[in-house]
1. Could we say that Ile137 is away from the ligand (no atom under 13 Å from the Cβ), buried (at least 20 other Cβ atoms within 10 Å of the Cβ) and at pLDDT 95 or above here?
2. Filter region 161-185 down to the residues that are at pLDDT below 95, part of a helix (DSSP H, G or I), out of contact with any helix residue (DSSP H, G or I) (no Cβ under 7 Å at 6 or more places or on another chain) and open to solvent by 50 Å² or more (accessible area, probe 1.4 Å) and list them by number.
3. Give me a count of the residues in region 93-127 that are closer than 18 Å to Tyr32 by Cα and either buried (at least 19 other Cβ atoms within 10 Å of the Cβ) or in contact (Cβ under 8 Å) with a residue 24 or more places away in the chain (or both).
4. Against the conditions (1) within 23 Å of Ile220 (Cα to Cα); (2) open to solvent by less than 10 Å² (accessible area, probe 1.4 Å), where does Lys27 fall short? Just the number, please.
5. Of the residues that sit in region 188-209 and are free of Cβ contacts under 8 Å to residues at least 40 places away in the same chain and open to solvent by 100 Å² or more (accessible area, probe 1.4 Å), which one is farthest from Ser19 (Cα to Cα)?
6. Which ones in region 31-44 are open to solvent by 10 Å² or more (accessible area, probe 1.4 Å) and either aliphatic (A, V, I, L, M) or within 21 Å of Tyr201 (Cβ to Cβ) (or both)?
7. Kindly indicate which of Ser88, Ser73 is among the hydroxyl-bearing types (Ser, Thr, Tyr), more than 15 Å from the ligand (Cβ to nearest atom) and closer than 17 Å to Ser21 by Cβ.
8. Looking at (1) more than 16 Å from the chain's Cα centre (by Cα); (2) open to solvent by 10 Å² or more (accessible area, probe 1.4 Å), which one does Val53 not meet, given that it meets all the others?
Amino acid sequence: MNRKIVIAVDGPAGSGKSSISRVVAAKKDLKYIDSGAVYRAITWHVLDSYGSVDGDAAHHNDLGNIGITQEFSPDGQVKTFIGNRDVSMLIRDEKIAANIGTIADSREIRNFVNTLLRGWADKDSVIMDGRDVGTVIFPTADLKIYLDASADIRALRRIKEYRELGKNVDENSVKKQIIQRDSEDTSRKFGALIKAEDAIYLDTTTLTKDEVIDRIIELITIKI
Ligand code: C5P
């Protein structure tokens with residue numbers, strides 16, 4: 001690809017956005033940006049600094065100074081940093097998912113994150129995943145994909161992910177959390193999860209990871 005392109009991948013928690021986007025990025029020589037990891041990093045920082053995401057602590061204004069960065073390596077690995085600290089593992093904790101809604105509801109925080117993410121995509125061709133990438137961050141993206149799957153299958157995928165990270169989690173609590181996050185993500189006032197009108201809807205419930213990857217690569221070839 002010679003011209004700079006933007007591919008937006010949105011969808012609910014556990015729909016496979018991140019693992020699929022990373023492989024597509026590696027195969028198509030794109031930079032992968034994980035927007036959810038930025039909200040996770042902010043949640044981690046607020047919990048670490050203030051002990052809670054409630055009240056004014058969630059709206060503190062030092063975010064510009066904490067130095068959130070992300071590194072994507074062409075083998076498909078993504079790392080998220082706060083300053084020099086690699087927080088990639090810390091932000092995958094269940095405690096982060098349980099508290100992230102308050103952070104992601106904040107309009108100030110969303111504006112901060114959107115500006116940061118647009119800056120990261122300024123120079124390179126990118127594939128970015130999240131909830132509002134095709135609607136708010138890049139409404140004119142070259143290709144928009146909305147990935148979906150049933151809540152049951154998404155919960156099973158998350159449990160597998162946690163287990164691969166060596167974490168023992170309760171299946172019921174993961175499923176509850178998926179349902180809670182669906183409700184938070186679709187009902188927030190700003191940046192709610194919603195399929196962009198021009199996004200291509202892919203239900204991955206009965207598809208393998210490879211089938212979804214092939215479909216997206218085919219769409220890139222057809223559309224871009
Ligand atoms: O993608 P991931 O599941 O890591 O995202 C974690 C949370 O971050 C989401 O449930 C949502 O609350 C928030 N988020 C968001 N907007 C995005 C990406 C993530 O509000 N673009």
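The values are calculated or read from the model by the stated rules, or taken from the named source; none is laboratory data. All figures in this text were calculated on a predicted structure; none of them were measured in a lab. A quick note on method: Cβ atoms are made from the backbone with ideal geometry, for glycine too, and the neighbour counts reach across all protein chains shown. Please note that ligands, DNA and RNA were not included when accessible areas were found on the heavy atoms of the full protein model with its side chains. Shrake-Rupley method; radii C 1.70, N 1.55, O 1.52, S 1.80 Å.
1. So Ile137 fails the test.
2. Glu161, Arg163, Glu164, Asn172, Lys176, Gln180 - these are the residues of region 161-185 that are at pLDDT below 95, part of a helix (DSSP H, G or I), out of contact with any helix residue (DSSP H, G or I) (no Cβ under 7 Å at 6 or more places or on another chain) and open to solvent by 50 Å² or more (accessible area, probe 1.4 Å).
3. Selection size over region 93-127: 11.
4. (2)
5. Glu197
6. The one that is open to solvent by 10 Å² or more (accessible area, probe 1.4 Å) and either aliphatic (A, V, I, L, M) or within 21 Å of Tyr201 (Cβ to Cβ) (or both): Gly36.
7. None of the other options fit; the residue is Ser73.
8. It fails just one condition, (2).
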